[in-house]
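Chemist: Sending over a structure as structure tokens; questions will come in a sec.
Read-outs: derived from the displayed coordinates by stated rules, not from any lab. Because the structure is a prediction, the values reported are computed rather than measured. In this analysis, Cβ positions are derived from the backbone assuming ideal geometry, glycine residues included, and neighbour counts consider all displayed protein chains.
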Amino acid sequence: MSADLLSSLPPSLYADTAHAPPVTPPLDGDRTVSVAIVGGGFAGLSAALHLAEAGVDTCVLEAHEPGWGASGRNGGQVNPGLKFNPDELLARFGDDLGRRMIAMAWGAPDFTFDLIRRLGIKCDARQNGTLRAATSAVTTDAVRVTAAQYAAHGIPTRLLDADTMRSATGTNRYPAALLDPRGGDLHPLNYARGLARAAQAAGATIHGGSRVISARRQAGHWKLKTETASVTADKLLVVTNAYADGLWPRLKQSLVPIYSSIVATEPLPDSLAARILPQRPVLYESGHITVYYRIDSENRLLMGGRGPQRSIMGPTGALAYLQRYAVALWPELKGVRWTHAWNGQLAITADHLPHLHAPTDDVLIYLGCNGRGVALATAMGQQLAQRLIDGPSTTIDLPFSDIQPMRFHAFWPIGTHAAMLWGRMKDRLGI
């Protein structure tokens, strides 16, 4: 397969509006480095940046181009936290690790926005908060429980009532919501490309169109082969997330790649855009099947949610259900032109938590952000880099685990479709 075909970016609003990509030529000659990174998404690019800033000779091998996967196609929401409430994390992982997980995950947006400011990355970054919105009596109760736990743990959030939500969103849909002011949004592809440029400027080498086809131990080192050349490294980081293939045994079977879809409008008139999320937070609905949306810096409405479990790179009609939902929320949108529709795969793990593996002392594997990857992967990139520098004694704020393939993994497309249908039914019934 040619490098041009490998590195071509799938169509999306982001692809149409992004800055020019950094130059990341395919690997064309054998080389030796201290650390090799497989995967050029947020986690791999953040790790490469922090390794290079510490003076570590680092090489990133990416099958396509930086940001090609979920990092360059996601909803652009920089959301805090993990799926579970703090008390459950403490009960599951104990006081020390549980509190470190809470501090890292809920502080990840601050880490991300601080990094963007430090590096001067131009990616329309705005830290205007994240709304976790209830849509029923059941989800209202759940949001209130979460709010109480956040208050007990000193997490700076506010519980909003229905009247406040009406003003905050321009719709009567939400009886309550939790506002975390640390959340926000950005142009994810520009962010990925900005991280790549910063990593290169710090001394890292990034090769696009360089899919790693094998990784094996050889004379005390790791030898990674692409179709054209090889890299020999002292240490290895694998961060392929939902696009894991057969490179590392059983890794692909340890997660489910789920397609998440987004549809975007043309830039809205100022008067209309001012009525939808006027303070410009991002919002995701608290339910079995999440819908999420934001108004971008050009007044476009981006609506996202679960969609067809196949690639969408064409007409917006494939996501008509999201358009209908938007008009139900804001009838003034009727007749507005929808210009883009796209999707990409995110990694869902069986326990809905990120997975961190260390098969040997010189290998780290990280994947499974479960839809919260913009901030989480960025923050984890720094911690992964520090572990690769200082070795196994370095503390990381996530639990390590063995790679565990899911049972009946081959049937995941059928199970995913059934789970989405059942989840949508429960959301409609408010249960």
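Chemist: List the equivalent ellipsoid semi-axes of region 128-202 in whole Å, largest first, each obtained as the square root of 5λ for an eigenvalue λ of the Cα gyration tensor. Please list the in-between numbers first.
Modeler: Details: eigenvalues 206, 51, 18 Å².
For region 128-202, the ellipsoid semi-axes come out as 32, 16, 10 Å.
Chemist: How large is log10 of I(q)/I(0) for region 156-300 at q = 0.10, 0.18, 0.19 Å⁻¹ when the intensity is taken from the Debye formula with one equal scatterer per alpha-carbon?
Modeler: -0.61, -1.14, -1.21
Chemist: Computed from the mean reciprocal separation of all distinct C-alpha pairs, what Kirkwood hydrodynamic radius does region 174-255 have, in Å? Please list the in-between numbers first.
Modeler: Numbers: mean 1/r = 0.0616 Å⁻¹.
That comes to 16.2 Å for region 174-255.
Chemist: Just need the relative contact order of the chain here, percent rounded to a whole number, with Cα pairs under 8 Å and 6+ apart.
Modeler: Numbers: 981 pairs, mean separation 102.6, N = 431.
Relative contact order, the chain: 24 percent.
Chemist: For a quick check: sort Ser136, Ser34 by the number of other beta carbons within 10 angstrom, fewest at the front. Could the numbers behind the result be given before it?
Modeler: Values: Ser136 19, Ser34 15.
Starting with the residue having the fewest Cβ neighbours, the order is Ser34, Ser136.
Chemist: Let me know the volume per residue of the alpha-carbon convex hull for region 258-297, in Å³.
Modeler: With only Cα atoms used, region 258-297 gives 88 Å³ per residue.
Chemist: Given Cα pairs under 8 Å that are at least 6 residues apart, what percent is the relative contact order of region 25-90?
Modeler: Numbers: 55 pairs, mean separation 21.2, N = 66.
Rounded, it is 32 percent for region 25-90.
Chemist: Based on other C-beta atoms within 10 Å, arrange Met101, Met380 from fewest to most.
Modeler: Ranking Met101, Met380 by Cβ neighbours within 10 Å, fewest first, gives Met101, Met380.
Chemist: Moving on. Excluding residues on the same chain fewer than 8 positions from Lys223, give the lysines whose Cα lies under 22 Å from its Cα.
Modeler: Filter leaves Lys235, Lys252.
Chemist: For region 33-135, with only Lys/Arg (+1) and Asp/Glu (-1) charged at the beta-carbon, what is the dipole magnitude about the Cα centre, in debye rounded to 20? Could you put the intermediate results ahead of the total?
Modeler: Details: 10 positive and 11 negative charges, 68 e Å.
Here region 33-135 has a charge dipole of around 320 debye.
Chemist: Amide H to amide H under 5 Å from Ala134: which residues, 5+ apart in sequence or cross-chain, H placed 1.01 Å off N in plane?
Modeler: The answer is Ala176, Ala177, Leu178, Ser286.
Chemist: Let me understand region 239-305 better: what is its radius of gyration from the alpha carbons, and its Dmax, in angstrom?
Modeler: Both quantities, over Cα of region 239-305: 17.1, 54 Å.
Chemist: Residue by residue through region 355-367, what is 3J(HN,Hα) from phi via Karplus (6.51 cos²θ - 1.76 cosθ + 1.60, θ = phi - 60°)? Round to whole Hz and write x for glycine and proline.
Modeler: 10, 10, 10, 9, x, 9, 5, 10, 9, 10, 10, 9, 6
Chemist: Please report, largest first and rounded to whole Å, the three semi-axes of the ellipsoid equivalent to region 222-346, where each semi-axis is the square root of five times an eigenvalue of the C-alpha gyration tensor. If you can, show how the numbers build up before the last one.
Modeler: Numbers: eigenvalues 288, 49, 41 Å².
Largest first, region 222-346 gives 38, 16, 14 Å.
Chemist: Relative to the compact globular guide of 2.2 N^0.38 Å, what is the alpha carbon radius of gyration of region 233-273, as a ratio? Mind dumping the intermediate values first?
Modeler: On the way: Rg = 19.2 Å, N = 41, 2.2 N^0.38 = 9.0 Å.
Taking the Cα Rg and dividing by 2.2 N^0.38 Å, one obtains 2.13.
Chemist: Under 10 Å, Cα contacts only: if you run a Gaussian network model on the chain, which one of Lys252, Lys334, Lys225 comes out with the highest mean-square fluctuation?
Modeler: So, out of Lys252, Lys334, Lys225, the one fluctuating most is Lys334.
Chemist: When the helices in the chain are scored as -39500 (n - 2.57) per DSSP H run of 4 or longer and the sum is shared across all residues, what 222 nm value do you end up with, to the nearest 500 deg cm²/dmol? If you can, show how the numbers build up before the last one.
Modeler: Values: 12 runs with 144 residues, N = 431.
Rounded to the nearest 500, the figure is -10500 deg cm²/dmol.
Chemist: If I build a Gaussian network model for the chain, linking alpha-carbon pairs within less than 10 angstrom, which residue out of Gly184, Gly335, Gly209 has the largest mean-square fluctuation?
Modeler: Looking only at Gly184, Gly335, Gly209, the biggest GNM fluctuation is shown by Gly335.
Chemist: Right, something else. What is the Cα radius of gyration of region 291-400 over 2.2 N^0.38 Å, N being its residue count?
Modeler: Details: Rg = 19.3 Å, N = 110, 2.2 N^0.38 = 13.1 Å.
Rg over 2.2 N^0.38 Å, computed on Cα atoms: 1.47.
Chemist: Sticking with this structure for a sec: Under the 0.36 nm per residue contour assumption, what length would be gained going from the current alpha-carbon distance of Ala358 and Glu298 to full extension? Don't jump to the answer; show the numbers that get you there.
Modeler: On the way: separation 60, 0.36 × 60 = 21.60 nm, distance 4.27 nm.
Stretched fully, the Ala358-Glu298 segment lengthens by 17.3 nm.
Chemist: If you don't mind, there's one more thing I want to ask. Under Stokes-Einstein, with the Kirkwood radius over Cα pairs standing in for Rh, what whole-number D in µm²/s applies to region 33-162 at 20 °C and 1.002 mPa s?
Modeler: Details: Rh = 17.3 Å.
My calculation gives 124 µm²/s for D.
Chemist: In whole Å, what is the distance between the alpha-carbon centres of region 353-376 and region 95-147?
Modeler: Cα centroid of region 353-376 versus Cα centroid of region 95-147: 18 Å apart.
Chemist: While we're here: How much of the DSSP beta bridge set in the chain is antiparallel, as a percent to the nearest 5?
Modeler: Numbers: 47 of 70 bridges.
Bridges in the chain that DSSP calls antiparallel: roughly 65 percent.
Chemist: Based on Cα positions only, what radius of gyration and what Dmax would you give for region 331-379, in angstroms?
Modeler: Here Rg and the maximum Cα pair distance are 17.8, 58 Å.
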